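Enquirer: Take this structure first; my questions come after.
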Amino acid sequence: MGKPKLKEHIINREWCKGCGICVHFCPKNVLELDEEEKVFAHQKENCICCRLCEFRCPDLAIEVVCEEKTARGK
Amino acid sequence: MLNSLLRAIEKLGLSKNEIVMVSGIGCSSRISGYVDFHTLHTIHGRALAFATGVKLSRPELNLIVPMGDGDALAIGGNHFIHAARRNIDITAIVMNNRIYGMTGGQYSPLSGYGTLATTAPYTNIDQDFDVVELSIASGASFVARTTTYHVQQMADIIRKAILHKGFSVVEILSQCPTYFGRKNKAGNAVDMLESYKTNTTSIGSKAKKENPELIERGIFAQKEIPEYCNEYNKIIKKAMKGHS
């Protein structure tokens with residue numbers, strides 16, 4: 001078990017209400033709200049796959065998909 | 001709350017057919033419409049009464065009753081204390097946002113002294129309940145408190161509450177930025193979650209000793225006492241003795 005690596009953020013724009021909870025509590029400032037007040041990953045390279053955005057979203061609008069890296073880096 | 005509940009259920013590996021969610025009336029009670037379990041959306045304050053009926057007739061099912069603070073403790077106050085006293089195997093989740101949000105921001109039994117609400121424009125003079133103390137005094141055999149900020153703890157506590165055989169109460173401090181937040185200048189949803197982070201602490205922590213104002217989080221009671229459906233079955237057997 002190595003560090004998980006981000007594959008993608010799946011964001012359901014219809015369910016996102018722009019409350020900003022995920023944006024504020026992301027430890028790496030990966031997320032932002034766009035001009036329509038919907039969340040998007042503007043610095044996805046900084047994502048550490050902690051999935052706190054996914055766990056705190058009141059509307060289940062964001063999912064963090066990660067791939068597990070092995071200890072050998074394969 | 002829904003998010004943590006679903007993760008708890010996923011971790012337990014329960015099938016959708018093994019779960020019955022019974023709710024009453026309120027913003028929080030709409031939750032039964034968002035899930036694909038057996039669901040009953042019932043009348044204000046009476047979710048626990050309906051759930052008691054379901055549980056007694058089908059004791060093998062897992063009963064989850066999500067309620068708001070007003071639904072659980074004002075309109076349904078008597079159902080709440082007596083379900084706790086009987087120790088029937090139901091998981092009661094009290095989403096405490098300290099206000100009646102759906103109906104327009106009236107003060108609830110959890111609003112607390114000195115707060116503002118549409119029906120308390122000069123501040124509320126009612127004292128609030130302590131849900132944890134009330135539940136323990138009423139006889140609930142599993143009592144816990146957490147917040148919508150502490151999502152990992154919430155999923156863990158809900159999982160334990162569902163596993164517990166007896167009446168479980170989980171109080172979850174929940175934000176209502178629309179009414180409670182706006183009326184009481186508590187800010188938006190983010191600010192309210194920040195306040196749960198700064199104003200709460202684990203049970204018996206050093207921080208609590210230094211600052212008694214902090215609200216404690218964690219499991220306050222967990223005891224094994226006779227469960228109502230089991231006891232009821234014993235009575236049926238006793239009464240049927242000699243009859244087929």
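FYI, it's all coordinate maths here, none of it is from the lab. The model shown is predicted, which means the values in this text are computed figures rather than measured ones. Positions of Cβ are backbone-derived with ideal geometry, glycine not excepted, and every protein chain shown enters the neighbour counts.
Enquirer: If I filter region B:81-118 down to residues being among the charged types (D, E, K, R) and in a helix (DSSP H, G or I), which single residue comes out as surrounded by the fewest Cβ atoms within 10 Å (Cβ to Cβ)?
Expert: We begin by selecting, within region B:81-118, every residue among the charged types (D, E, K, R); these are B:85-86, B:89, B:98.
Narrowing further to those that are in a helix (DSSP H, G or I): B:85-86.
Details: B:Arg85: 14, B:Arg86: 20.
Taking the candidates together, the pick is B:Arg85.
Enquirer: Please indicate, with yes or no, whether at least one residue in region B:161-182 is buried (at least 17 other Cβ atoms within 10 Å of the Cβ), within 14 Å of chain A (Cβ to nearest Cβ), farther than 29 Å from B:Thr52 by Cβ and aromatic (Phe, Trp, Tyr).
Expert: Looking through region B:161-182, none of the residues is buried (at least 17 other Cβ atoms within 10 Å of the Cβ), within 14 Å of chain A (Cβ to nearest Cβ), farther than 29 Å from B:Thr52 by Cβ and aromatic (Phe, Trp, Tyr).
Enquirer: Examine region A:38-52 for a residue that is surrounded by fewer than 15 Cβ atoms within 10 Å (Cβ to Cβ), touching a Lys or Arg at 6+ places or on another chain (Cβ under 9 Å) and closer than 17 Å to A:Asn12 by Cα, and state whether such a residue exists.
Expert: Scanning region A:38-52, I find no residue that is surrounded by fewer than 15 Cβ atoms within 10 Å (Cβ to Cβ), touching a Lys or Arg at 6+ places or on another chain (Cβ under 9 Å) and closer than 17 Å to A:Asn12 by Cα, so the answer is no.
Enquirer: Let me ask something else about it. Which residue, of A:Cys49, A:Cys19, A:Cys53, is within 11 Å of chain B (Cβ to nearest Cβ) and assigned to a loop (DSSP other than H, G, I, E, B)? Even if it seems obvious, please write down each step before you answer.
Expert: Working: A:Cys49 fails: within 11 Å of chain B (Cβ to nearest Cβ); A:Cys53 fails: assigned to a loop (DSSP other than H, G, I, E, B).
Exactly one of A:Cys49, A:Cys19, A:Cys53 is within 11 Å of chain B (Cβ to nearest Cβ) and assigned to a loop (DSSP other than H, G, I, E, B), namely A:Cys19.
Enquirer: Taking region B:192-220 as the search range and keeping residues that are touching a residue at least 12 places away in the same chain (Cβ under 8 Å) and within 14 Å of chain A (Cβ to nearest Cβ), which one is nearest to B:Glu133 (Cα to Cα)? Explain how you work it out, then say what you get.
Expert: At the first step, the residues of region B:192-220 found to be touching a residue at least 12 places away in the same chain (Cβ under 8 Å) are B:192-194, B:196-197, B:199-204, B:213-220.
Then drop every residue that is not within 14 Å of chain A (Cβ to nearest Cβ), which leaves B:192-194, B:196-197.
Numbers: B:Met192: 24, B:Leu193: 23, B:Glu194: 25, B:Tyr196: 19, B:Lys197: 22 Å.
Taking the candidates together, the pick is B:Tyr196.
Enquirer: Then there is this: Within region A:30-46, take every residue that is outside any helix (DSSP H, G or I), within 11 Å of the chain's Cα centre (by Cα) and away from every other protein chain (no Cβ under 14 Å) and give me the one that is nearest to B:Gln152 (Cα to Cα).
Expert: Going through region A:30-46, the residues outside any helix (DSSP H, G or I) turn out to be A:30-43.
Checking the rest, the ones that are also within 11 Å of the chain's Cα centre (by Cα) come to A:30-32, A:39-43.
From what is left, the residues that are away from every other protein chain (no Cβ under 14 Å) are A:30, A:40-43.
Numbers: A:Val30: 20, A:Phe40: 23, A:Ala41: 23, A:His42: 25, A:Gln43: 25 Å.
Here the answer is A:Val30.
Enquirer: Could you list all residues from region B:119-169 that are assigned to a loop (DSSP other than H, G, I, E, B), over 19 Å from B:Glu227 (Cβ atoms) and in contact (Cβ under 8 Å) with a residue 24 or more places away in the chain? First the steps, then the outcome.
Expert: At the first step, the residues of region B:119-169 found to be assigned to a loop (DSSP other than H, G, I, E, B) are B:119, B:121-130, B:139-141, B:148-150, B:164-167.
Narrowing the set further to residues that are over 19 Å from B:Glu227 (Cβ atoms) leaves B:119, B:121-130, B:148-150.
Within region B:119-169, B:Asp128, B:Phe129, B:Thr148, B:Tyr149, B:His150 meet the criteria.
Enquirer: Is there a residue being surrounded by fewer than 17 Cβ atoms within 10 Å (Cβ to Cβ) and small (Gly, Ala, Ser) anywhere in region B:58-73?
Expert: no
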